[in-house]
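The values are calculated or read from the model by the stated rules, or taken from the named source; none is laboratory data. This structure is a prediction, so every number in the text was calculated from the model and none was measured. Ideal geometry is used to build each Cβ from the backbone, glycine not excepted, and the neighbour counts take in all protein chains shown. The accessibility values were calculated without ligands, DNA or RNA, using every heavy atom of the protein model including side chains. Shrake-Rupley method; radii C 1.70, N 1.55, O 1.52, S 1.80 Å.
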Amino acid sequence: MLLLLLLVVMMVYVCMCIVDSLGEALKAISVSTELIEEELNPHLDAVLAALLEKKKDAAVEIAKSGILPTLAQALRSKSSLSCQVALVVAEMAREAAVREPCIEAGLVKVLVPHLNSNDQEMLLNTGRAIGRICFDNSYQQDQLVQSGVIPRLVSIMREYPENDPLVNVCLLALCNLADIDSAREALAELDVADVLTFQLKRAPDAERRHVILEILGSLGESDESMQKCFGEGSGLVYQDVLSWLQSSNTQLQLSGALAIANFARNDSNCVKMLDLGVVPYILTLLEQHVDEGDVSVQHAGLSALRNLAIPATNKVRMLEDGVTERIKTLLRSDMPPVQFKLLGTLRMMVDGQEEAALVLGRDAMLLARVMEWCEAKDHAGVRGEASRLLAALIRHSRSTEVVHAVAKADGIRHLISMATSEHVIMQNEALVALAIASAIDIGVMKQELGSVNMKESLSKLTDHSSSKLASQASSILAILGDAS
């Protein structure tokens, strides 16, 4: 008990010393008129100690103390204090509340030139400070791009490819900036394939691989760097990706599936990958994760399949290879992200494919599951995709059997609900499906009139601002009217 009491007293004493030393250090720095290293070093050490000790509100206290202009001056003069000051700023900027004061003090502007330093520690501290200050600030990020940081970040990775902390800072910065059009343009002008490929092959963990794949993905479908990594299916990165898909390591599997989804961003790559037999690898991977599997891997695998199925020629070949049958095993998934992506993939597979729509549209087990998902209370995305698949089955099969199967499964009411949704595309798909169903078998549609307020819903749509939707609603009402 006495020992515990002594420990508590010691901790309180240490905290009080930190508080006292921080206050004294801030006061000393704020009244300093010259940047003399011998004088300021111990005070900066005290400030840094408070930040590293995670003292409550230390960053806010530092920002309010008035020393930010002094820190900016030290960075501007490129003094021997710069590296230490950059580290202080980097640690401060972990707190969102101090980022705006840092910007107002001009810290970002005086930090940027230090990205040209030959000192790796200076580069690391500078990169972290800039990255944290500008996090989630689109204006500042755009300013960074305009100042030319993209080429410099790539150059740093070329100069110090084995410095993992520094490479990580550069990759995260590029990933965060890649949403900006001008940043993507700047990246596209650089030959980044060799840099990213090297880092992808030596990435120590899944997180690093994902960041690199995000950067590659942002470059666009025709970018030279992306195509170099693919290398018409013979590139070293693509060969690595195939081995990742076959790995027993979940994180490698995930990286592989994400990479395939990225490569499958233009038709020629999709066709080539099908020729090279990538689909069986993805299907095997998905089947490994059906029960108690990794949701992220399933989601990424389905994304890859969906992208591969976009070219019409690929759809036919994938259907012949039994893709739809194999991915139907995922119907038993209870995870909304997987359900959502599965429904979208099946919808893509039947797009323009009459035979596929006919086979799936007559599948009672699939329709029963889709009906459940049409009523998913907690996931609007799943509800929407389930209804869109129903509409697609009728639109692309134009089959009496499919219309009967959907009606028997109680799906017509979901199409009515879809027709009155807020999304014009979904409304249009639903009305086309309802019009086809009415033309194929008016008897089935007449039966539905008693169970849902179809006529009332359609009447409202005749006044829709979209003339196309209004016309389709009127046509269906006319068919129903003629039948009665």
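Taking 0.36 nm per residue of separation and subtracting the current Cα-Cα distance, fully stretching the chain between residue 313 and residue 38 would add 91.8 nm. Remark: the chain carries 46 Å² of accessible area per residue (probe radius 1.4 Å; ligands, DNA and RNA excluded).
For a distance above 24 Å, tell me the whole-number percent of Cα pairs in region 123-248 that qualify. It works out to 25 percent of all Cα pairs. Surface composition of region 234-279: carbon plus sulfur atoms hold 49% of the accessible area, using a 1.4 angstrom probe and ignoring ligands, DNA and RNA. Here r is the Cβ-Cβ distance between residue 329 and residue 49 and R0 is 56 Å; the resulting FRET efficiency, rounded to 0.05, is 0.50.
For the set 83, 229, solvent exposure ranked by accessible area (probe 1.4 Å, protein chains only) runs largest to smallest as 83, 229. Taking every C-alpha pair closer than 8 Å and separated by at least 6 residues, the mean separation divided by the residue count of the chain gives a relative contact order of 6 percent. Its Cα centre serving as origin, the chain has a Cβ charge dipole (Lys and Arg +1, Asp and Glu -1) of approximately 1020 debye. For region 147-192, the relative contact order is 43 percent, taking Cα pairs closer than 8 Å that sit 6 or more residues apart in sequence and dividing their mean separation by the residue count. A Förster distance of 51 Å, applied to the separation of the beta-carbon atoms of residue 116 and residue 295, puts the FRET efficiency at 0.70. So what's region 371-426 giving for Cα Rg divided by 2.2 N^0.38 Å, two decimals? Dividing the Cα radius of gyration by 2.2 N^0.38 Å gives 1.08.
For the residue pairs 27/55; 272/341; 201/315, the C-alpha atoms sit more than 28 angstrom apart in 201/315.
Picking from 169, 137, 28, whose Cα lies most toward the positive end of the charge dipole for the chain (charges on Cβ: Lys, Arg +1; Asp, Glu -1)? Farthest towards the positive pole: 137. The convex hull of the Cα atoms of region 179-226, projected and averaged over all directions, covers 3.2 nm². The base-10 log of I(q)/I(0) for region 241-400, evaluated at q = 0.20 Å⁻¹, reads -1.30 [Debye formula, identical scatterers on Cα atoms, solvent excluded]. Does region 345-404 come out rounded, prolate or oblate, given a ≥ b ≥ c as the square roots of the eigenvalues of its C-alpha gyration tensor, rounded meaning a/c under 1.5 and, failing that, prolate meaning a/b above b/c? Prolate shape, in that a/c is at least 1.5 and a/b is the bigger ratio. About its Cα centre, the dipole of region 106-198 is roughly 300 debye, where the only charges are +1 on Lys and Arg Cβ and -1 on Asp and Glu Cβ.
Accessible area of residue 371 (1.4 Å probe, protein heavy atoms only, ligands and nucleic acids ignored): about 20 Å².
Applying both filters, DSSP loop and at most 13 other Cβ atoms within 10 Å, to the GluC sites (Glu not before Pro) of region 372-412 gives 375.
When 328, 109, 228 are compared by accessible area at a 1.4 angstrom probe, the order from most to least is 109, 228, 328.
Here the peptides 84-90, 130-136 are ranked by packing, the mean other Cβ count within 10 Å, and the order with the highest first is 84-90, 130-136. Can you give me the Cα centroid spacing of region 381-401 and region 253-319 in angstrom? What the calculation gives is 22 Å, centre to centre.
Normalising the average separation of contacting C-alpha pairs (under 8 angstrom, six or more residues apart) by the number of residues puts the relative contact order of region 338-484 at 20 percent. Under conditions of 10 °C and 1.306 mPa s, the chain yields 60 µm² s⁻¹ as its translational diffusion coefficient, taking Rh as the Kirkwood radius over Cα pairs in the Stokes-Einstein equation. Computed log10 I(q)/I(0) for region 384-484 at 0.11 Å⁻¹: -0.26, from the Debye equation with unit scatterers placed on every C-alpha and solvent omitted. When the GluC sites (Glu not before Pro) in region 224-304 are filtered for DSSP coil states and for at most 11 other beta-carbon atoms within 10 Å of their beta-carbon, the remaining sites are 292. Extension gain, residue 194 to residue 465: 0.36 nm times the residue separation minus the Cα-Cα distance gives 92.4 nm. Projecting the Cα positions of 149, 234, 357 onto the charge dipole of the chain (unit charges on Cβ atoms of Lys, Arg, Asp and Glu, taken about the Cα centre) puts 357 furthest along the positive direction. Full extension of the chain between residue 271 and residue 60 yields a length gain of 70.4 nm, computed as 0.36 nm times the residue separation minus the alpha carbon distance.
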